[in-house]
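Structure provided below as structure tokens; questions to follow.
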Amino acid sequence: MRIGIDLGGTKIEAIALAGGREAFRKRIPTPRGDYEATLGAVAALVREAGEGSVGIGIPGALSRITGRVKNANSTWLNGRPLKEDLEKVLKRPVRVANDANCFALSEAVDGAGKGASVVFGVILGTGVGGGIVVDGKVLVGPNAIAGEWGHNPLPSPAPEDLPLRPCYCGRAGCIETYLCGPALERDGDLGRYEERLARSLATVVNILDPDVIVLGGGVSNVARLYENVPRLWQRHIFSDQVATRLARNVHGDSSGVRGAAWLWS
Ligand SMILES: [Zn+2]
């Protein structure tokens, strides 16, 4: 069995896949702010799920230098040797990956990106995250930040994008501050949102040239994005044709936890 855990800021979800089929699923609240309790909760869920490989999706990533968690907005995880600690408690190897990478992997394996060679997965939720999967494998990168697109600056800011918005990361004008769910709620202008998303995704197409871009998170439920954004991104993409598809996720909220399970494939 493949066991997947999605360790989120408000809930921890577990799944066990036997083949591709779901054999177990459970969701519990995250013990916020308490690292030891978070470890205990994850370990208990894994034991309940049974024997099998364990993959965990986290907000943030494991530092290539220290092996400890970095960049997590669930800040009580930062600086902690989460992988090592869990392996000690569970007495089995554990794979840990960024939650947006897990989302992209899940959609690449048997979701909206199935059969595609290069998949860029985007989460447009409370925050904005991205992940890249090439030929069924997550691209991590030497800095463990491949696909971290939300903290790039918004390309070609227009007068209505100014002044550049301050971001919690310390920079200004980050894509996340314009494209996260709360920003859309605050601005309330869907046309402007689509235009900003088109500009931001065009830079991804120019660099990565993915077969498909899959959207996840709450904003991905807005149906008109899939028609309007590919029309708007044309003029920002340096090509005579754009074959890249923009697709809605297939697995919805389950993609994070499914992708974590697929970390062992
Ligand atoms: Zn930022």
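The values are calculated or read from the model by the stated rules, or taken from the named source; none is laboratory data. Computed from a prediction, not measured in an experiment: that's the story for all the values here. Here the Cβ is made from the backbone with ideal geometry for all residues, glycine too, and neighbour counts use every protein chain on show. Just so you know, the surface numbers come from the protein's heavy atoms only, side chains and all, with ligands and any DNA or RNA stripped out. Shrake-Rupley method; radii C 1.70, N 1.55, O 1.52, S 1.80 Å.
Yes/no per residue for (1) open to solvent by 70 Å² or more (accessible area, probe 1.4 Å); (2) modelled with pLDDT under 95:
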position: Y35; (1), (2): no, no
position: A43; (1), (2): no, no
position: R47; (1), (2): yes, no
position: S53; (1), (2): no, no
position: N71; (1), (2): yes, yes
position: G79; (1), (2): no, no
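Name every residue in the stretch 148-190 that is away from the ligand (no atom under 16 Å from the Cβ) and either in contact (Cβ under 8 Å) with a residue 12 or more places away in the chain or in a loop (DSSP other than H, G, I, E, B) (or both), in order of residue number.
S156, A158, E160, L162, L184, G188, D189, L190 - these are the residues of the stretch 148-190 that are away from the ligand (no atom under 16 Å from the Cβ) and either in contact (Cβ under 8 Å) with a residue 12 or more places away in the chain or in a loop (DSSP other than H, G, I, E, B) (or both).
Separate question: Restricting attention to the stretch 231-249, report how many residues are under 21 Å from the mean Cα position of the chain (by Cα) and crowded, with 17+ Cβ neighbours inside 10 Å.
The total comes to 5.
If V96 satisfies every condition in (1) touching a strand residue (DSSP E or B) at 6+ places or on another chain (Cβ under 9 Å); (2) open to solvent by 10 Å² or more (accessible area, probe 1.4 Å); (3) more than 23 Å from G141 (Cβ to Cβ); (4) not in a helix (DSSP H, G or I) but one, which is the exception?
(3)
From G131, G121, G127, grab the single residue that is within 11 Å of the ligand (Cβ to nearest atom) and either crowded, with 17+ Cβ neighbours inside 10 Å or of a type in the set (D, E, K, R) (or both).
Only one candidate qualifies: G127.
A further question on this structure: I'm told A144 meets every condition in (1) open to solvent by 60 Å² or more (accessible area, probe 1.4 Å); (2) away from the ligand (no atom under 16 Å from the Cβ); (3) in a loop (DSSP other than H, G, I, E, B) except one. Can you identify the failing condition by its number?
(1)
Among the residues of the stretch 192-235, count how many are at positive phi and out of contact with any helix residue (DSSP H, G or I) (no Cβ under 8 Å at 6 or more places or on another chain).
1
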